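First comes the structure, then the notes that go with it.
Laboratory data are not the source of any read-out in this text; all were calculated from the coordinates shown. Since the model is a prediction, treat every value here as computed from it, not as a measurement. Here Cβ is always computed from backbone atoms with ideal geometry, including for glycine, and neighbour counts include all displayed protein chains.
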Amino acid sequence: MSTDAFATWDEPVSWWPRLEDGVLEPLSRGRPGSYRQVDWTSGAPRAGAVVRLPVPEVLILEGVSSGRHAMRARLSRLCWLEGGDEATRLSRTLIRDGPASREELHRWQLFERGWFPVDGTRAAADIRLH
């Protein structure tokens, strides 16, 4: 499950209660979860379809803030993936999302520069991949 289904340019991490209440809490009790995903198909985030999530054997949560401090007690493992330097990550994402996203991606990278050191995500990782 990707945090892209929840995060928007303006809400890089404040969406977390929707994931917690709609998915993580029900799954932890052995019940299916559900959430309204963010639809990125138009290039700008908007409310998308409701997704119903059956109880999985394993849930892999991927994306910025998925290993946040508040979540770590629930994690079996925290994996940190090095995606290269900022310029490399920006270039790769522009290929995927197009040049119109450049300004928002730059803003996102500024957010990440502040988020990860304060949250201590990389240092807390059980596994680091390069």
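Computed from backbone phi with θ = phi - 60° and the Karplus coefficients 6.51, -1.76 and 1.60, the 3J(HN,Hα) list for region 112-128 is 4, 4, x, 5, 4, x, 5, 6, x, 4, 4, 5, 7, 5, 6, 10, 10 Hz; x is used for glycine and proline. Only helical runs count toward this figure. For the chain, summing -39,500 (n - 2.57) over DSSP H runs of n ≥ 4 and dividing by all residues gives -9000 deg cm²/dmol at 222 nm.
Fewest-first ordering of Thr8, Thr41, Thr121 by other beta carbons within 10 Å of each residue's beta carbon gives Thr41, Thr8, Thr121. For the charge dipole of the chain, defined by +1 on Lys and Arg C-beta atoms and -1 on Asp and Glu C-beta atoms about the Cα centroid, which residue among Ser42, Gly98, Met71 has the Cα displaced farthest towards the positive pole? My answer, from the dipole projection, is Met71. Here the contact order of region 3-129, divided by its residue count and restricted to Cα pairs under 8 Å and six or more residues apart, works out to 23 percent. An oblate overall shape is assigned to the chain, the ratio a/c of its alpha-carbon gyration tensor axes (a ≥ b ≥ c) being 1.5 or greater and a/b not exceeding b/c. In a fully extended conformation the segment linking Arg107 and Leu81 would gain 7.3 nm over its present Cα-Cα distance, using 0.36 nm per residue.
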